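The values are calculated or read from the model by the stated rules, or taken from the named source; none is laboratory data. Keep in mind that this is a model prediction, so the values were computed, not measured. We place every Cβ from the backbone using ideal geometry, glycine too, and count neighbours over all the protein chains shown. Surface areas here come from the heavy atoms of the whole protein model, side chains and all, with no ligands, DNA or RNA. Shrake-Rupley method; radii C 1.70, N 1.55, O 1.52, S 1.80 Å.
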Amino acid sequence: MSPELVTEICVVGGGPAGAAIARQLALLGHQVCLVEKAAFPRAHIGESLPPSILPVLDLLDLRPVVESAGFCRPQSAFIRWSTHLPFEKPYEPEAGLLVDRGRFDQLLLEAAQTTGVTLLQPAAAGRPTTQGQNQWTLPVRTPEGKTTIKAQFLINATGKHSGFDRQVKHHAVTTLALYGYWHDTAFQPGESFVEAGANEWFWGAALPDGSFNAAVFLAAERYAAARPHQRTAWYRSLLAQAPLLKGCLEGHLSRSVQVCDASFYLAPDPIGPDWLKVGDAAFAIDPLSAQGVQMALLSALQGGIAAHTLLTQPAKTEAVCSFYRHKIQETVTRSKTAAAYFYAAQNIYPASPFWQQRSQPPAVSQPAQWPQNTRLFELSDRIRLSPSAQLITTPVIQNNAIELIPALYHPSLESPMAYLGDVEMAALLELVTPGQTILELVQQWRRQHDLSMCWQILQWCWGQDILVLAAALVPPTSLPTVPSQPQLL
Ligand SMILES: Cc1cc2nc3c(=O)[nH]c(=O)nc-3n(C[C@H](O)[C@H](O)[C@H](O)COP(=O)(O)OP(=O)(O)OC[C@H]3O[C@@H](n4cnc5c(N)ncnc54)[C@H](O)[C@@H]3O)c2cc1C
């Protein structure tokens with residue numbers, strides 16, 4: 001084992017997030033070393049991947065690798081949640097995936113290796129130290145001995161439970177998962193189930209190898225209070241209360257029952273000038289959405305572009321960090337809101353504290369309720385940009401880097417809008433001259449876009465009150481103030 005390995009980027013952790021970001025950065029021309037402590041294939045929970053993961057795999061150019069692996073492609077899942085009667089929920093717009101995570105993660109890691117990523121595996125990275133910006137040192141332990149990695153940029157992709165960064169993870173609401181793999185059940189590979197219990201919920205799926213993973217999600221306090229000496233017996237007694245899943249009790253458990261933390265988590269900060277966190281190391285969402293892998297891959301995609309920009313254009317550090325923080329926050333807020341909505345939809349059992357606590361949507365500042373402009377316009381109407389609309393600079397992804405470009409700010413928008421479809425909004429709105437007619441404006445826009453596109457944008461701007469009548473009087477007190485820092489950026 002060589003005593004020292006020098007690399008530009010060191011990725012610690014070879015799960016979906018680590019493998020995807022390492023591959024992306026190698027494709028962008030960087031020298032990448034990935035350190036993974038487990039020998040693959042290794043077991044990992046998180047086998048159900050809904051169809052919404054497929055566009056993310058497309059963006060990472062990993063879909064062919066995954067689709068050719070022969071994993072199960074479920075068309076639907078059986079849900080018992082809002083009524084006692086289960087219903088079959090079809091996956092749309094196409095089938096999802098039920099994978100063996102050991103194999104899935106190995107495929108992604110192999111895809112990273114084919115792009116030139118140097119892989120140290122099995123190799124456990126110890127606590128990193130820094131001698132100054134872009135000067136990281138990591139001790140690494142391998143079966144052959146100890147080594148040291150020196151890197152300019154450090155990516156933490158160690159998942160949720162590694163303790164690599166020694167950060168204490170605080171949870172407002174703590175959830176535990178008890179799960180086990182069953183054999184010789186009557187379930188067919190690809191079948192999956194979600195069902196509510198009185199103070200817990202259940203998830204089960206028949207995996208490609210024919211085993212059935214049955215998981216119970218419950219409050220950590222309940223598990224602590226019950227102190228089940230006989231964990232397996234307790235787990236079995238919970239499953240016996242789940243009409244859709246309890247068929248697995250006729251089979252036999254192939255491994256001991258596992259307990260793991262399944263709480264929501266958000267790292268205090270996911271990025272700095274020479275480091276970032278991706279996947280579960282940055283945030284963990286409620287497993288009810290079954291989108292943990294998808295969101296880990298999405299953060300790898302965004303994080304890869306952030307790391308590439310930090311390394312190639314350090315002058316943009318502030319904008320890049322703000323962009324990545326915003327993206328992580330956006331993902332977490334959307335996931336929390338969706339999970340709260342699903343918990344609130346549970347309608348079989350009374351709203352016990354378990355259900356109530358998880359039904360609370362996150363407190364976020366909502367875009368202002370802005371009345372839609374329903375008045376029809378005339379081509380001869382004289383218009384101007386609304387006093388509430390402004391063009392501000394915002395970071396966006398362009399050509400695999402983060403660029404600062406002008407975007408439309410309006411209080412009714414969730415965040416500044418740089419593009420409407422493929423159209424750069426600022427380029428069109430900069431052409432608006434106060435007092436010109438709608439016809440004159442459309443004639444100007446026509447030089448850049450076809451008539452139907454100009455028409456769609458005009459209607460959207462009119463309906464959203466971005467373009468208003470030049471004569472419209474807006475009482476000064478009703479004007480909202482534009483925040484100096486755009487919201488959520
Ligand atoms: C109970 C439960 C059920 C879930 N169900 C689903 C589901 O159905 N669908 C879904 O999409 N998601 C699900 N998830 C979430 C999903 O499993 C995770 O979001 C996903 O695995 C995150 O990927 P990652 O690459 O960030 O981390 P991980 O997959 O955890 O990978 C981290 C890697 O880092 C390595 N590592 C850690 N420390 C070190 C170190 N010091 N040195 C070197 N290597 C290190 C580990 O060995 C590991 O391979 C579930 C989660 C839980 C808790």
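The residues on offer are ALA224, ALA186, and the sole one that is open to solvent by 40 Å² or more (accessible area, probe 1.4 Å) and farther than 30 Å from GLY13 by Cβ is ALA186. Counting the residues of segment 97-119 that are in contact with a Lys or Arg (Cβ under 7 Å, 6 or more places away or on another chain) and outside any helix (DSSP H, G or I) gives 3.
In segment 47-62, the condition of being touching a Ser or Thr at 6+ places or on another chain (Cβ under 7 Å) and open to solvent by 30 Å² or more (accessible area, probe 1.4 Å) is met by no residue.
Restricting attention to segment 312-349, the residues that are free of Cβ contacts under 8 Å to residues at least 40 places away in the same chain and not aromatic (Phe, Trp, Tyr) add up to 8. Among the criteria (1) within 20 Å of SER162 (Cα to Cα); (2) buried (at least 23 other Cβ atoms within 10 Å of the Cβ), the one ALA306 does not fulfil is (1). ARG334 falls short on exactly one of the conditions (1) open to solvent by 40 Å² or more (accessible area, probe 1.4 Å); (2) farther than 30 Å from ILE21 by Cα, and that condition is (2). From the list ILE397, ILE402, ILE392, the one residue that fits, being touching a Ser or Thr at 6+ places or on another chain (Cβ under 8 Å), of a type in the set (A, V, I, L, M, F, W, C) and assigned to a strand (DSSP E or B), is ILE402. A search for C-beta distances below 8 Å between a residue of segment 192-221 that is closer than 15 Å to ARG358 by Cβ and free of Cβ contacts under 8 Å to residues at least 60 places away in the same chain and any residue that is open to solvent by 10 Å² or more (accessible area, probe 1.4 Å) and outside any strand (DSSP E or B), counting only pairs 6+ apart in sequence or on different chains, returns PHE202/LEU244; ALA220/THR174; GLU221/THR174.
Inspect all residues belonging to segment 192-210 and state whether any of them is at pLDDT below 95, more than 11 Å from the ligand (Cβ to nearest atom) and acidic (Asp, Glu). Within segment 192-210, one or more residues are at pLDDT below 95, more than 11 Å from the ligand (Cβ to nearest atom) and acidic (Asp, Glu).
Please find, within segment 256-280, the residue that is nearest to ARG358 (Cα to Cα) out of those that are open to solvent by less than 20 Å² (accessible area, probe 1.4 Å) and within 6 Å of the ligand (Cβ to nearest atom).
Result: ALA262.
For segment 363-408, filtered to residues that are surrounded by 12 or more Cβ atoms within 10 Å (Cβ to Cβ) and touching a Gly at 6+ places or on another chain (Cβ under 9 Å), the residue that is farthest from LEU431 (Cα to Cα) is ASN400.
The test for being crowded, with 17+ Cβ neighbours inside 10 Å and under 30 Å from PRO128 (Cβ atoms) does not hold for TYR179. For HIS252, state whether it is open to solvent by 40 Å² or more (accessible area, probe 1.4 Å) and within 15 Å of the ligand (Cβ to nearest atom). In short, no.
Of the strands (runs of 3 or more DSSP E) lying entirely inside segment 1-91, those containing at least 2 residues that are more than 12 Å from the ligand (Cβ to nearest atom) are 4-12, 76-80, 87-90. Taking only pairs six or more apart or across chains, which ones have beta-carbon atoms under 7 Å, a first residue in segment 44-69 that is assigned by TED's automatic domain parsing to the domain that holds GLY292 and of a type in the set (Gly, Ala, Ser), and a second residue that is in a helix (DSSP H, G or I) and within 8 Å of the ligand (Cβ to nearest atom)? Close Cβ pairs (under 7 Å, with a partner that is in a helix (DSSP H, G or I) and within 8 Å of the ligand (Cβ to nearest atom)) amount to GLY46/ARG101; GLY46/GLY292; GLY46/VAL293; SER52/GLN294.
Within segment 72-84, being in contact with a helix residue (DSSP H, G or I) (Cβ under 9 Å, 6 or more places away or on another chain) and either exposed (fewer than 15 other Cβ atoms within 10 Å of the Cβ) or under 13 Å from PRO50 (Cβ atoms) (or both) holds for one residue alone: ARG73. A search for C-beta distances below 7 Å between a residue of segment 23-40 that is over 18 Å from ASN399 (Cβ atoms) and aromatic (Phe, Trp, Tyr) and any residue that is within 14 Å of the ligand (Cβ to nearest atom) and assigned to a helix (DSSP H, G or I), counting only pairs 6+ apart in sequence or on different chains, returns PHE40/GLY102; PHE40/ASP105; PHE40/GLN106; PHE40/LEU109. Give the residues of segment 265-278 that are in contact (Cβ under 8 Å) with a residue 60 or more places away in the chain, within 13 Å of GLN329 (Cα to Cα) and outside any strand (DSSP E or B), sorted by residue number. Matches in segment 265-278: ALA267, PRO268, VAL278. Out of (1) over 30 Å from GLY210 (Cβ atoms); (2) touching a helix residue (DSSP H, G or I) at 6+ places or on another chain (Cβ under 8 Å); (3) within 16 Å of the ligand (Cβ to nearest atom); (4) touching a residue at least 60 places away in the same chain (Cβ under 8 Å), the odd one out for GLY292 is which? With (1) over 30 Å from GLY210 (Cβ atoms); (2) touching a helix residue (DSSP H, G or I) at 6+ places or on another chain (Cβ under 8 Å); (3) within 16 Å of the ligand (Cβ to nearest atom); (4) touching a residue at least 60 places away in the same chain (Cβ under 8 Å) applied to GLY292, the lone miss is (1).
Quick check on ALA240: is it open to solvent by less than 60 Å² (accessible area, probe 1.4 Å), farther than 21 Å from SER48 by Cα and in contact with a helix residue (DSSP H, G or I) (Cβ under 8 Å, 6 or more places away or on another chain)? When the stated conditions are applied, ALA240 passes them.
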